[in-house]
Amino acid sequence: MRIARRNRNSALITLTPLVDVMLILLVFFMVTSTYLDLDMIPMVEKGDELNPTAPSTGTDGITTLLISINAAGEARFQGRTVTASALAEALRAQPDAQVLILPSGFANVQGLVEVIEAATVAGITNLRVVRLKAAQ
């Protein structure tokens, strides 16, 4: 007696559609993302005196405030280390100012989030996070 075997149609799972979808998503997010134009930030010319404790006023009349974050996650504003609540109080006095946040290369994310939250609580709407490029 002869037993006939059925041909099994095994379902092949290919990764080609997954790779195609991921490539399309990558291209989509690259095209739709925006980049910070650092040429719009007022810079100090060589020979000008830089006072980091004083807020600067650009040519358009908007006050620019700089908040730096060190490696320990502590915020420094106008030359002194401040807590998140003290930072919110200081920023509340100037709600129309442009705030630049400059985290150090080793700053933790929690410190950055605390500074952004303090600025948001103070009513700041013009907020940017910048980083410096390493010299080549």
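Filter the stretch 74-104 down to the residues that are surrounded by fewer than 16 Cβ atoms within 10 Å (Cβ to Cβ), of a type in the set (D, E, K, R) and not in a helix (DSSP H, G or I) and list them by number. Matches in the stretch 74-104: GLU74, ARG80, ASP96. Being outside any loop (DSSP other than H, G, I, E, B), among the small types (Gly, Ala, Ser) and more than 19 Å from ILE62 (Cβ to Cβ) holds for only one residue in ALA118, ALA107, and it is ALA118.
Restricted to the stretch 28-58, and to residues there that are under 21 Å from the mean Cα position of the chain (by Cα) and more than 16 Å from LEU100 (Cα to Cα), the residue that is modelled with the lowest pLDDT is THR34.
The values are calculated or read from the model by the stated rules, or taken from the named source; none is laboratory data. Keep in mind that this is a model prediction, so the values were computed, not measured. Don't worry about glycine lacking a Cβ; one is built from the backbone with ideal geometry, like all the others, and counts go over all protein chains shown.
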